[in-house]
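Trainee: I'd like to ask you about the structure that follows.
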Amino acid sequence: MSLASILDLVAKQTAMLGYRDDAVRREYAYSDVWVASGGTRSVPMVAFTQTPPSYRSAAFAVAEGTADVAQALVESHRALGAPLFFVVEGDQVSCWQVYARKAPRLLERFSVDSLSETFHRHRNEWAPDVIHRAKSIGRVDVQYQRDFVDIGLIPAIEGEIHTKLDRLIREAVADVRHVSNGEAMRLLFRGVFRLLAAKILTDRQNLRAQSWDADNVADVLSAMGDYYSLGKDAQIWPARTLAMLGPVWSAFRTGFNVANISADDLAYVYESTLVTPQARAQFGTHSTPRHVADYVLDRFRLWEFGTEPLNVYEPFAGAGVFLGSALRQMRDGLPHNWTDKQRHDLLIRHIGGAEIDPFACEVAKLSLILADYPNANGWQIEEKDLFSRGTLSDRLKGQDVILCNPPFEAFTADERAQYPDAHAVDGSKAVFALATALQAKPKMLGFVVPNTMLVDRRYRAQRREVEELYREIELVSLPDGVFNVSQLDTALLIARDLRETGTAQRLRSSAVFDADKKRFAVDRMPSHVSEETRDEPATGDGTLWSPPLQHVWSALQEFPRLGDLVHGHWGLRWHGELKTTPRGFDLPGKDRVPGYMDSSALDQFVLGAPRFLDAGPGAIRWGDTYDWSAPKILANAGRLSRGYWRLAAAVDRDGRRASQQLIAFWPVLSHAHIDLDAVAALLNGPVINAFLAEHSFDKRFRIRTIERAPVPKHIPETLGDLSRAYAAAAQRAESKPEDLTSLLSAIDALTIDAYGLSADLRRDLLAAFGTNERPVRGVPSRRRSRKTLVSGVAPALPLFVETPVEVDHGEELEAPLSDEEAARQVRSIAKVVPVENWAGPALPESGLREALAVPAAELAAWVRAGQVLGFSDGEGATLFPIEQFVDGAPVAELNEVVSSIGDARVAWLWLTQPHIRLDRQTPLHILKMRGVEELRLLIERDFR
């Protein structure tokens, strides 16, 4: 039987399984996203669970090959996204399961004559609804999983697609991303949307793509405006804008084929790539990462409502990412035999949102249009001021599902006057939004909230209301960096099913650790989950969150508290503003006393050199009455990092004072003679640091929270001695980091032993710190740099400004030094640092020849070509870091990194330091393992 006849037979069988005729495609072409060039492949037949076709809806494919190459043939088509693949091998057919990360698995082999019988036997497994839900819902709900569907295939393809789409769009718009004029930016955004939509129609061979002149960008823009009912806007495109969009269209046309790509992938990448940080700042546009939105929607299971969908609404919609996730999940619950138009006509009546910013409204609407291909417009994203009287409450009435990532800022003075009703609810915009949503009593509630919502007493009223209203509640703590454009600490509040009196309540506390951030973005699995069922009615105290180490804190519940040993107070606070009246000085003077203005001079166990604080008559408003001359412990008042290592404490016996940026702890009367160095070891230890990480979510600690931390019932006598030994060693210049680390390990071990934790509890405690490195004096830490806070957003600055950036209030500088004198003075204070101390192990030419068998002539050629780096030792010899060699040859593409950064020393230091964006791996390691491609954007971010 010929292949054509077999394909006809397969088509007949797919129809009997319930596949629509227009969902079975012959000679289907798609882009192989696992090939660097994104090359196009073709397969004789593909059956899709629904239209439009994409890797998300591909069910199975059919191709022809011999038995000996069948497995390789199937593997070459894994980017298609079909979980099943049939290979016609003469009079036999082999059926394969397709995997993301391993070779295909042969499921069965049958004769062509038994093809009909085989399809009939698997009719309940291979039906379109069954396969579609196994792919889209199976990794969320096990009841939809099927053994022949690899739930890792779709996330793997999605990740590759997002990378390639991001690159395609980024390269296409490279020459227009610098535009800062507001109206020009809006036009370009609209234009790029139309051109991207035109590429979809072109690659999917939509008949509409034949109606425009593809060589005339203005005609394409006009045709797409008409297709999506965006208005007859051909007249609004200025010649300058058309000139900029021409190259964008050319890049899209020649870019990789997007025919098999899900439209919502295009929508998400379009928004996340094109809406630059500059545009977000200028227009106030915010966005929710798609994996965060998907996590919330996974909990709501909107697909279960099928043809009777719930009403979904997103206030403060921003780019509408929540709505895009809701659209996809609601669409997954509709019958496979519905047309695209039937789905569209139903869902536009049940999905809506509002946003005050017109640019954000447009982003959200265009993203939904892209995700809803091939349907026209109709999405309702209102441009509304939701803070005005009654507006938000009116919009939320009757909504079944409320999804929201609200603004986190407090109302400004002007806004308090403009929105008195909203401000009367709460001074925080986020709390106003949440309180108003709770008043609407939706069936389901998904909110991005400040992390402090988990435990802080300011949000107790809202937690109580959630506790009283809902049967299922989940709180999720998110790590730093999940929201790429936000520096705020965030959590998720997810609640569903309004509670009836007397029914049990299910509480779920989830946490995503910093080390698992990237994995969470792929599989949406938290690092830690704890669940609790409450059979009794709601307690009403608003306690919903159970931290990851709650079992540790429960074991230490009967232990003494830090407040039993010491009592804390904020440091000095002065009258007036520090910005206008300096209170800290580098030099002594009248009414100035030694002390510390902030935690920059504080490391664990060690205080650095003090500055001089203003102690003049009437200057100090608060804190001057404390006994600063007495021995005490000084600790940072604001957390040092967002990881689990948050606190640094050191003993002061020199009577120094401190500002309110630090907390001072004095012994309580009943422990007046306690060993303060031992207490400092407890404060610096893993138990109290972990306690603060899980009980204090503000950037600034509450003293009472610190004082509630558990301490051992008996403090080891040697703990203070070890603490003092470390402090002394840490201040000696010759001390090595590894020796200090060894001392810290001994202190931590003694501290944990003092608590008497079991082996399991000890393991869990230390595991919570993940990849957060133990602070060691002299070793660079992950402390965040201080950033100036501004109210509002300044306009984009030109490259060169005409006025001074800073106004000089000091004395004029003396005459500039000559080059010779400047060089002489620099040499007089410069200290020679051996190459090995900053560049790592390095060898001269002769050493390379002996150790790595590198010929001198070849090394010289590499040096001339810029392929290896050599640094002078200050005495005329050149040393070559050996880490730049692999198997006796230089690391490939090292020269591109160096030329991009522009300075060899800076480049090498950058390459060899652990990078936060690479999960603390070094760029050099990534260069060796995966090449320069992954580093290009990172170099752009760090050095441009």
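The values are calculated or read from the model by the stated rules, or taken from the named source; none is laboratory data. As the structure is a prediction and not an experimental result, all values here were calculated from the model. Glycine also receives a Cβ, built like all others from the backbone with ideal geometry; neighbour counts cover every protein chain displayed. We work out accessible area using only protein heavy atoms, side chains counted, and drop any ligands, DNA or RNA first. Shrake-Rupley method; radii C 1.70, N 1.55, O 1.52, S 1.80 Å.
Trainee: At a 1.4 Å probe radius, which order do Met185, Met224 fall into by accessible area, largest first?
Mentor: Met185, Met224
Trainee: If you don't mind, there's one more thing I want to ask. Search the structure for amide H atoms under 5 Å from the amide H of Val24, placed 1.01 Å from N in the peptide plane, and list their residues when 5 or more places away or on another chain.
Mentor: Result for Val24 returns Phe48.
Trainee: Working from the pairwise distances between different alpha carbons, so that the mean of 1/r is found and then inverted, what is region 695-777's Kirkwood radius in Å?
Mentor: Values: mean 1/r = 0.0671 Å⁻¹.
It works out to 14.9 Å.
Trainee: Let me ask you something else. Grab the other residues whose beta carbon is less than 11 angstrom from that of Lys102, score K and R as +1, D and E as -1, and report the net. Each step should come with its number before you reach the end.
Mentor: Working: positive: Arg78, Arg101, Arg105; negative: Glu75, Asp150.
Here the count lands on +1.
Trainee: Kindly give Rg over Rh for region 459-590, based on alpha-carbon atoms, with the Kirkwood expression for the hydrodynamic radius.
Mentor: On the Cα set of region 459-590, Rg over Rh gives 1.14.
Trainee: Trypsin sites (Lys or Arg not before Pro), restricted to region 620-686: which are DSSP loop and have at most 16 other Cβ atoms within 10 Å?
Mentor: Here the sparse-neighbourhood loop sites are Arg653.
Trainee: Hey, another quick one. Probe 1.4 Å, all protein chains in place: accessible area of Ser742 in Å², nearest 10?
Mentor: About 80 Å², ignoring ligands and nucleic acids.
Trainee: Can you sort Tyr144, Tyr30 by 1.4 Å-probe accessible area, starting with the largest?
Mentor: Tyr144, Tyr30
Trainee: Lys365 accessible area, nearest 10 Å², 1.4 Å probe?
Mentor: 60 Å²
Trainee: Would you mind finding the longest exposed-site-free stretch of the chain, with exposed GluC sites (Glu not before Pro) meaning DSSP loop and at most 10 other Cβ atoms within 10 Å?
Mentor: Values: sites that count: Glu500, Glu558, Glu577, Glu717, Glu734, Glu802, Glu806, Glu811, Glu812, Glu814, Glu875.
That would be 1-499.
Trainee: So what are the radius of gyration and Dmax for the Cα set of region 562-769, in Å?
Mentor: Cα-based Rg and Dmax for region 562-769 come out at 17.3, 57 Å.
Trainee: Right, something else. Taking 0.36 nm per residue of separation and subtracting the Cα-Cα distance, what length does fully extending Asp873 through Lys713 add? Mind showing how you got there, number by number?
Mentor: Values: separation 160, 0.36 × 160 = 57.60 nm, distance 5.54 nm.
Roughly 52.1 nm would be gained on extension.
Trainee: At 7 Å along the Cα-to-beta-carbon direction for both Asp21 and Asn124, put a label point, then send me their distance in nm to one decimal.
Mentor: Each label point lies 7 Å from its Cα, and together they span 3.1 nm.
Trainee: With every protein chain left in place and a probe of 1.4 Å, what is the accessible surface of Lys102, to the nearest 10 Å²?
Mentor: That residue has around 120 Å² of solvent-accessible surface.
Trainee: For Tyr596, what is the net charge nearby, where nearby means another residue's Cβ is under 15 Å from its Cβ and Lys, Arg count +1, Asp, Glu -1? Present the calculation step by step, with values, prior to reporting the outcome.
Mentor: Numbers: positive: Arg573, Arg583, Arg592, Arg611, Lys632, Arg653, Arg656, Arg657; negative: Asp586, Asp598, Asp603, Asp614, Asp652, Asp654.
Summing Lys/Arg as +1 and Asp/Glu as -1 gives +2.
Trainee: Continuing with the same structure: Sorting Thr307, Thr118, Thr625 by accessible area (1.4 Å probe), largest first, what list results?
Mentor: Thr625, Thr307, Thr118
Trainee: In whole percent, how big is the carbon plus sulfur part of the accessible area of the chain, probe 1.4 Å, protein atoms only?
Mentor: 51 percent
Trainee: Can you give me the Kirkwood hydrodynamic radius for region 835-943, using every pair of distinct Cα atoms, in Å to one decimal?
Mentor: For region 835-943, the Kirkwood estimate is 14.3 Å.
Trainee: Further question: Using a basic spin-label model with each label point 7 Å from the Cα along Cα→Cβ, how many nm lie between Ser42 and Arg573?
Mentor: 7.6 nm
Trainee: Counting Lys and Arg as +1 and Asp and Glu as -1, each charge on the Cβ, what is the dipole of the chain about the Cα centre in debye, to the nearest 20?
Mentor: That gives a dipole near 1360 debye.
Trainee: Calculate log10 I(q)/I(0) of region 1-120 for q = 0.13, 0.15, 0.17 Å⁻¹, where I(q) comes from the Debye formula with a single equal point scatterer on each Cα and nothing for solvent.
Mentor: Each listed q maps to, in turn, -0.46, -0.62, -0.81.
Trainee: So who's got an amide H within less than 5 Å of the one on Arg561, skipping anything under 5 residues away but keeping other chains? H placed 1.01 Å off N, in plane.
Mentor: So Arg561 has HN proximity to Val711.
Trainee: Quick one: net charge around Ala842, please, counting Lys, Arg +1 and Asp, Glu -1 for every other residue with C-beta under 15 Å from its C-beta.
Mentor: -4
Trainee: Another one. So what are the ³J(HN,Hα) numbers for region 160-167, from phi and the Karplus equation (6.51, -1.76, 1.60; θ = phi - 60°), rounded to whole Hz, Gly and Pro as x?
Mentor: 5, 5, 4, 5, 6, 5, 4, 5
Trainee: How big is the C-alpha Rg of the chain next to the rule-of-thumb value 2.2 N^0.38 Å, as a ratio?
Mentor: Here the answer is 1.08, to two decimals.
Trainee: Give me the 1.4 Å probe accessible area per residue for the chain, excluding ligands and nucleic acids, in Å².
Mentor: 46 Å²
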